[in-house]
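Worksheet for the structure shown next.
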Amino acid sequence: MDIMLSDEQRLLKESVERFIAGEYGFEQRKSWVEGGAGYSPENWATFAELGWLALPLPEDHGGLGGTLGDVAVLMEGFGRGLVVEPYLATVLLGAQIIADAGTDAQKVDILPRVAEGQMKLAFAHTERQSRYDLTDVKTEAKAGSGGFTLNGQKSIVFGAPDADLLVVSARTDGGQRSAEGLSLFCVAPDAAGLTVRAYGTQDDHRAADLTLENVEVDASALIGSAGEAFPTISKTVQRAMIALGAEAVGAMDVLNELTFEYLKTRKQFGAPIGAFQSLQHRAAEMLMAHKLSRAMVFRMAKASADDEALAQAASATKVQIGQAGKFVGQQAIQLHGGIGMTHEYAAGHYFKRLTMIDALFGTTDHHLSSYATSSFISS
């Protein structure tokens, strides 16, 4: 299936592919990962100059007003380069929440700085017990004179080690697994009572666990209305799932390229192993898995414009990407043999990222169940 891109999207695709091919080599990436920040601040500044940080943000606040389809084009390119800069955490999660639910003052203060590369955000929502249930939040925010006091813990907060602002979910009302009563707050990373335990993840990204002990914030830190944050949280995460699907498509594409080239050059019994018909069949199946996934992602990105269809679109994307990513990754490693899992070779790093994408916001099995349930209800 051919993906019909607009003229602007084609230019964006060429721009990001040119950057990845010329400026984001695998050896360069390793040096950035092993550096202090875990990514390249210079690349982040370049993202701002090229308009990538502003892409999905509203035009009224320094953004370009791009669609999820536009974001998918960009994320596919990022997947090809295994980009480690905190784009998901800052732009697609934190800034998107501010754009959708923030007060006018918050939008004016935060969004232009994100677009210009001057502020990085992180979305602290997941907790140890919550697994993939977005409603399962134990962190509490108690209203007081002039503000709120936050207590609780957050786990695996991507982008938190280098964030300039944290978007934290907390319960102002309702039971632990109730969709009602969830609120969102802007919290400074150096706030009194906040502990940030940073670490690297298996796919070379950076995350942190947060502990909030009597962290006090002003009333102006509340994002939107108290107790009404769940629709914003749900919509933001669902859009991020589709964007992650596009990143996975880019990663699968490179894995296929690496594998097919290896099949052409690795010789066994005096002939390239790619000459063996059984391996040709595997390669064809890997190619089909990638093509189907790409068609799914861009179809679902378009469908996401309908809020009622967004949940199904996100779950369908996660199922396809999870199944295809696992298949392509496993076949790539097997066809490469031992070299495929060495730290010095790129293939294993792409497979790790595909595995992490499958786990983020719910595995294939989780979303297969979610999609079946939502399909049944809607019918």
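Suppose the filter is touching a Phe, Trp or Tyr at 6+ places or on another chain (Cβ under 9 Å), under 17 Å from Val168 (Cα atoms) and surrounded by 15 or more Cβ atoms within 10 Å (Cβ to Cβ); does Leu88 pass it? Step through it out loud before you land on a result.
Numbers: touching a Phe, Trp or Tyr at 6+ places or on another chain (Cβ under 9 Å): yes; under 17 Å from Val168 (Cα atoms): yes; surrounded by 15 or more Cβ atoms within 10 Å (Cβ to Cβ): yes.
In short, yes.
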Looking at the range 17-33, can you tell me whether even one residue there is touching an Asp or Glu at 6+ places or on another chain (Cβ under 6 Å) and either in the same structural domain as Tyr350 (by TED's automatic domain parsing) or not polar (S, T, N, Q) (or both)?
yes
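Looking at the range 197-224 only, could you name the residues that are within 19 Å of Leu88 (Cα to Cα) and not polar (S, T, N, Q)? I'd like the intermediate steps shown before the answer.
Narrowing the range 197-224 to residues within 19 Å of Leu88 (Cα to Cα): 198-210.
Selection gives Ala198, Tyr199, Gly200, Asp203, Asp204, His205, Arg206, Ala207, Ala208, Asp209, Leu210.
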Look through Arg299, Arg353 and report the one residue that is in a helix (DSSP H, G or I) and touching a residue at least 24 places away in the same chain (Cβ under 8 Å).
Arg353
Being surrounded by 22 or more Cβ atoms within 10 Å (Cβ to Cβ) and either at pLDDT below 95 or under 24 Å from Ala105 (Cα atoms) (or both): is that true of Arg171 here?
yes
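Given the criterion hydroxyl-bearing (Ser, Thr, Tyr), touching a strand residue (DSSP E or B) at 6+ places or on another chain (Cβ under 9 Å) and outside any strand (DSSP E or B), identify the matching residue among Ser169, Ser155, Ser178. Talk me through it step by step, then tell me what you get.
On the way: Ser169 fails: outside any strand (DSSP E or B); Ser155 fails: outside any strand (DSSP E or B).
Residue meeting the stated conditions: Ser178.
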When Ser225 is run through (1) among the polar types (S, T, N, Q); (2) more than 24 Å from the chain's Cα centre (by Cα); (3) part of a helix (DSSP H, G or I), the failure sits at (3)
Among the residues of the range 228-241, count how many are assigned to a helix (DSSP H, G or I) and surrounded by fewer than 19 Cβ atoms within 10 Å (Cβ to Cβ).
2
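Val108 - would you say it is touching a strand residue (DSSP E or B) at 6+ places or on another chain (Cβ under 9 Å), within 29 Å of Pro58 (Cα to Cα) and either part of a helix (DSSP H, G or I) or not assigned by TED's automatic domain parsing to the domain that holds Thr67 (or both)?
Values: touching a strand residue (DSSP E or B) at 6+ places or on another chain (Cβ under 9 Å): no; within 29 Å of Pro58 (Cα to Cα): yes; either part of a helix (DSSP H, G or I) or not assigned by TED's automatic domain parsing to the domain that holds Thr67 (or both): yes.
The answer is no for Val108.
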So is Ala45 surrounded by 15 or more Cβ atoms within 10 Å (Cβ to Cβ), touching a residue at least 24 places away in the same chain (Cβ under 8 Å), of a type in the set (Gly, Ala, Ser) and not assigned by TED's automatic domain parsing to the domain that holds Ala160 or not?
no
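Taking the condition surrounded by 17 or more Cβ atoms within 10 Å (Cβ to Cβ) and within 24 Å of the chain's Cα centre (by Cα), does Ala251 pass? Walk me through how you get there before you give the answer.
Numbers: surrounded by 17 or more Cβ atoms within 10 Å (Cβ to Cβ): yes; within 24 Å of the chain's Cα centre (by Cα): yes.
Judged against the criteria, Ala251 is a match.
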Of all the helices (runs of 4 or more DSSP H) wholly in the range 1-102, which have at least 1 residues that are under 24 Å from Leu184 (Cα atoms)?
68-81, 96-101
Mind checking which residues of the range 296-310 are farther than 11 Å from Val249 by Cα, surrounded by fewer than 24 Cβ atoms within 10 Å (Cβ to Cβ) and at pLDDT 90 or above?
Arg299, Leu310
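Give Leu258, Leu210 a once-over and let me know the one that is surrounded by fewer than 19 Cβ atoms within 10 Å (Cβ to Cβ) and either out of contact with any Asp or Glu (no Cβ under 7 Å at 6 or more places or on another chain) or among the β-branched types (Val, Ile, Thr) (or both).
Values: Leu210 fails: surrounded by fewer than 19 Cβ atoms within 10 Å (Cβ to Cβ).
Checking each option against the conditions leaves just Leu258.
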Hits in the range 316-349 (condition: of a type in the set (S, T, N, Q), touching a residue at least 24 places away in the same chain (Cβ under 8 Å) and more than 25 Å from Gln9 (Cβ to Cβ)):
Gln323, Gln331
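Yes/no per residue for (1) small (Gly, Ala, Ser); (2) under 30 Å from Lys264 (Cα atoms); (3) not in a helix (DSSP H, G or I):
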residue	(1), (2), (3)
Ser293	yes, yes, no
Ala313	yes, no, no
Lys318	no, no, no
Gly329	yes, yes, no
His336	no, yes, no
Ala347	yes, yes, no
Ser370	yes, no, no
Of all residues in the range 320-332 being buried (at least 24 other Cβ atoms within 10 Å of the Cβ) and of a type in the set (A, V, I, L, M, F, W, C), which is farthest from Leu68 (Cα to Cα)?
Ala332
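Looking only at the range 247-262, count every residue that is of a type in the set (Asp, Glu) and touching a helix residue (DSSP H, G or I) at 6+ places or on another chain (Cβ under 7 Å) and tell me the total. First the steps, then the outcome.
The initial filter retains those residues of the range 247-262 that are of a type in the set (Asp, Glu), namely 247, 253, 257, 261.
Now narrow it down to the ones that are touching a helix residue (DSSP H, G or I) at 6+ places or on another chain (Cβ under 7 Å): 247, 253.
Qualifying residue count for the region: 2.
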Of the residues in the range 194-206, those that are surrounded by 14 or more Cβ atoms within 10 Å (Cβ to Cβ) and part of a loop (DSSP other than H, G, I, E, B) number 4
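The values are calculated or read from the model by the stated rules, or taken from the named source; none is laboratory data. Owing to the predicted nature of the structure, the values given are computational and were not obtained by experimental measurement. Cβ coordinates were reconstructed from backbone atoms using ideal geometry, including for glycine residues, and neighbour counts include every protein chain displayed.
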